[in-house]
Every structure is written in C-alpha cells, then in structure tokens.
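Step one of this worksheet: look at the structure below.
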Amino acid sequence: MNERVIELTDIAPKEFWGAQDAHLETIKKYYPKLKIVARGTTLKAFGEAEILDEFETRFKRLMHHFSRYNSIDDNVILRVLETSHQHDVEHMHDRDKILVHGIGGKLIKAMTPNQQKLVDTIYKNDMVFAIGPAGTGKTYTGVAMAVKALKEKQVKRIILTRPAVEAGENLGFLPGDMKEKLDPYMQPLYDALRDMLPPQTLEDYILKGIIQIAPLAFMRGRTLDNAFVILDEAQNTTHSQMKMFLTRMGKNAKFMITGDPGQVDLPRRTISGLKEAILILKDVEGVGIIYLDDKDIVRHRLVKKIIDAYKSIENND
C-alpha cells in the first residue's frame, strides 16, 4: 500500500481539523478508498498511487485556502475537493479590493478612496509614507498589506516598530521584563495583527521570529531584507533615528512609514524626522507619499467631530 505524508505548514491544526476533528471527518468521507490518519500537524494517507496524487493536490489547495482566508467549513472543503483547477477555487474577490480575510470571516480592505490610493502606492513603490491624523487607517492598512505579502510569500517576515518616545526609549525605569515594558507601546500593532491572524498562528509567528515587534532603538545595526517593515508613529522620530531606520532597507524589502505630523511628542526644538523625511524624499523615485485626512477616519463617527473641534481651537491659538 502506498503512503503519502503531508505537513500542515504555518497552520494551527486545531483550527484546521475543526472541533472534534469534524473537518477531517468530512475529508475522509470524500475519499472512502483512502485510509487517512492525522496527528498534530502531520497527515498520512494510504491507498492507490493515482488516488493519492489527486488527494495530495486537492488537500494542498485546501491548506492554501485556509492560509488565505483563516477558515474552512464543510461547504468549502467539498467545493475545494471537487474543483479541478486552482483558478476556480480562487475565483472570488477582486485582488485589489480584499487585502486579507481576517478572523471570523472579516473582510479587510480599503474603506476610503485615499486608503485605496495607499494600497495602490504600496504595490508600486518599495518605500511609502502614509501621513494623516488618528483613525484614518494608516497603520491598519499597512499591517493588512504586510500580512497579505507574508501569506503570498512575497516576504519572509514582518517587522513592526515604533519609537517608544513616552519612555525615552530607555525603558529601564518600567517594571517587568523587556516584553512587558514594550507591550504598552506596541499594543496597536498587536491589535491589528489579532484581527488578521488566528491566535495560535500569530503566537507561532512571533516565537519563530516571522513577525517581530520591537522599539525603533532595536533596529540599529540591522539590515532588513526579505521583509515588510512598518515604522509606526514616525512623527516621534528624530533626524538621526529616521535616517538610521531608512538606511536599514535590504534586498526585497517593503518599507512603510506612518505618522501624524500634528501629534509630535518630541521635546521642544527637536525636529521631527518624519517632517524632514517627506520634504527631502518627495521627489525620489521609488518613494511614495500618501496623505489621508478627516474624510478617511473609520473609527466611531464621534472621532471626526472631536478632531474637528480640537482643530478649531488649535487654529485660534
């Protein structure tokens, strides 16, 4: 009897096999002539070579579907197993509209024209600056593009960083180990990732270093290649920090820099590295700069009103 061994790569087995192995049972029923055994991340199938070849091809399509959409059910399983061509399996949504299928079937895509401009600009350029106020989806869109690039194997890792300016990037006076000290500053990045990746997958990626979340100070001396790198809250970088970060760019890298020049927390008379960078790099080929505004705010409807109210006060100062 012939044997075929298939490993679930970057897939959480509990979620893939389903509650009480319900998904596995559906697969077994579709291939009654094969003996199929699954333990953890390993599946073994026994039977005739010709049936095994077909099973392996279609099972890998099922894995691909799960990696892309973060979920499967009996209908999906049967549709994938019954379909002859990968193209037919993927006949669904416009590539440029749906960025990532998030947790619970959430469709993550550009919500405004400017967010779509940002997506298009990231496709066309290796370095992109996304400038705009809070709530305009700068970071969220960037993280979605990074997860998409990772899923499609365009990059090997995602690196997310912010200047921990509130702690002076010293962090020594904060209680706890390094991770505990950093987490408050990195929380918005974790929140975005949790919307887009199953908990076990995210945990595995972080443990393996496929996703790295670290303060900007930790980037010094590194060359970042085969990576989608996001510098968030870049308005709080200094001249030297921004220059250091931008020159970390390695081969096959995408760099995205997000920030709001109106929310600088640096000491007085310290020039924001973001403001300086968008002035001196605006005409450099391969660098894209997208501006988002109040119309792109996708948080609670009150956020836009709050920003408008503060803006009227600030303009009168």
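The values are calculated or read from the model by the stated rules, or taken from the named source; none is laboratory data. The model shown is predicted, which means the values in this text are computed figures rather than measured ones. A quick note on method: Cβ atoms are made from the backbone with ideal geometry, for glycine too, and the neighbour counts reach across all protein chains shown. The accessibility values were calculated without ligands, DNA or RNA, using every heavy atom of the protein model including side chains. Shrake-Rupley method; radii C 1.70, N 1.55, O 1.52, S 1.80 Å.
Here's how it looks for Gly18: its modeled amide H is under 5 Å from those of His23, which are all 5 or more places away or on a different chain. For the stretch 239-317, GluC sites (Glu not before Pro) meeting the loop criterion (DSSP other than H, G, I, E, B) and having at most 12 other Cβ atoms within 10 Å: Glu285. Can you tell me which of Pro32, Pro267, Pro215 moves the most in a GNM of the chain? Springs connect C-alpha atoms under 10 Å apart. Its mean-square fluctuation being the largest, the pick is Pro32. Accessible surface of the chain, 1.4 Å probe: 51 percent of it comes from carbon and sulfur atoms. Computed over the chain with a Gaussian network model linking Cα atoms closer than 10 Å, the most mobile of Asn252, Asn236, Asn226 is Asn252. Backbone geometry of the stretch 38-45 corresponds, through the Karplus equation with coefficients 6.51, -1.76 and 1.60 at θ = phi - 60°, to 3J(HN,Hα) couplings of 10, 9, x, 8, 10, 10, 10, 10 Hz, x marking Gly and Pro.
Of the listed pairs Lys208/Lys275; Lys14/Lys151; Lys109/Lys151, which have alpha-carbon separations greater than 24 Å here? List each step's numbers first, then the result.
On the way: Lys208/Lys275 35 Å; Lys14/Lys151 19 Å; Lys109/Lys151 15 Å.
Where the Cα-Cα span goes over 24 Å, the pairs concerned are Lys208/Lys275.
Read through the labelled values (i) 43, 25, 19; (ii) 43, 21, 18; (iii) 30, 22, 18 and report the label of the one computed as semi-axes √(5λ) of the Cα gyration tensor in Å from the structure. Correct label, based on the coordinates given: (ii). Size check on the stretch 1-158: the Cα extents along the three principal axes, sorted descending, read 61, 29, 27 Å. Contact order normalised by length for the chain, with contacts defined as Cα pairs under 8 Å and 6 or more residues apart; what percent is it? Over the chain, the number comes to 19 percent. The accessible-area ordering, largest first, of the residues Glu15, Glu48 stands as Glu48, Glu15, per a 1.4 angstrom probe. When the chain is described by a simple charge dipole with +1 on each Lys and Arg Cβ and -1 on each Asp and Glu Cβ, the residue from Pro267, Thr139, Gly209 located farthest towards its positive end is Pro267.
Write down the accessible area per residue of the chain in Å², having rolled a 1.4 Å probe over the full set of protein chains. Write down the numbers at each step before the final one.
Details: 17010 Å² over 317 residues.
Spelled out: the 1.4 Å probe surface of the chain, per residue, equals 54 Å².
Pick from Ile306, Ile103, Ile213: which residue has the top mean-square fluctuation in a GNM of the chain where Cα pairs under 10 Å get a spring? Largest GNM mean-square fluctuation: Ile306.
Quick check on the chain: helices-only [θ] at 222 nm, where DSSP H runs of length 4 and up contribute -39,500 (n - 2.57) each and the sum goes over total residues. Nearest 500, please.
Details: 12 runs with 135 residues, N = 317.
That comes out to -13000 deg cm²/dmol.
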